Each structure stands twice: as C-alpha cells, then as structure tokens.
Amino acid sequence: MGLEYKIETYDEGRAKLAEFLRGLPEFLREDDGMFHLGSDSSTILFTVKYESDHVYVCQHVASRETDALLGLVIRRILAVNDHVVISEL
C-alpha cells in the first residue's frame, strides 16, 4: 500500500492545492478528487486527496522523488498556514 499521511490544515482553499498539483510535471490524472502523480503514465508514485480540513497523501513507492513531492505539498500548505499537523496513518 505504501506510506500514508494525514496533513491537518485549517485553510486548504487558500493553498490552491488542486491547481498546484495539476501544474506539477509529475501530474498524471485526477479521479474523483484524487490526484495521481508519477514518473510515467503507467506508474503512480504518489496520490493526494484533500478535504476542507485534511489532506491525505499516499506514497506508493518510498523514494527520494516521492519524499520530494511530499515536501512540495507540505511547503505549499505551509505557505498559507502558520502550522500543520502531519500524522502517519
């Protein structure tokens, strides 16, 4: 399954996470509010799903690339929030 995290945030809307994820070169597709990212169209490395107060992240493969993607998501959320809480599921 991979490494799963829940990132608590009080203002996901201001982070404009959907637009940010769609703009990444690793963006593959969006299915029912889930954003899939990867290195090629046949391999999903990273999945993001967000709600009003939580962002769920799944690293399907533990690698430097997916660690970097997690860091980008966290940095984007921190850009508009003064703190976040990250829990491993």
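Only residues that are part of a strand (DSSP E or B) and buried (at least 19 other Cβ atoms within 10 Å of the Cβ) were counted in the stretch 29-48, giving 6. Within the stretch 1-43, the residues that satisfy the criterion of being of a type in the set (A, V, I, L, M, F, W, C) and free of Cβ contacts under 8 Å to residues at least 60 places away in the same chain are Met1, Ala18, Phe20, Leu21, Leu24, Phe27, Leu28, Met34, Phe35, Leu37.
Among the criteria (1) polar (S, T, N, Q); (2) outside any loop (DSSP other than H, G, I, E, B); (3) surrounded by fewer than 17 Cβ atoms within 10 Å (Cβ to Cβ), the one Thr66 does not fulfil is (3). Contact annotation: residue pairs with Cβ atoms under 9 Å, 6 or more positions apart or on different chains, pairing a residue in the stretch 63-79 that is modelled with pLDDT of 90 or more with a partner that is among the basic types (Lys, Arg), are Arg76/Lys16.
Checking each residue of the stretch 1-18 against the condition of being acidic (Asp, Glu), outside any helix (DSSP H, G or I), crowded, with 17+ Cβ neighbours inside 10 Å and within 12 Å of the chain's Cα centre (by Cα) gives no match.
The values are calculated or read from the model by the stated rules, or taken from the named source; none is laboratory data. Everything numeric here is computed off the predicted structure, so don't read it as measured data. Counting neighbours? That spans all protein chains shown, and the Cβs are built from the backbone with ideal geometry, glycine included.
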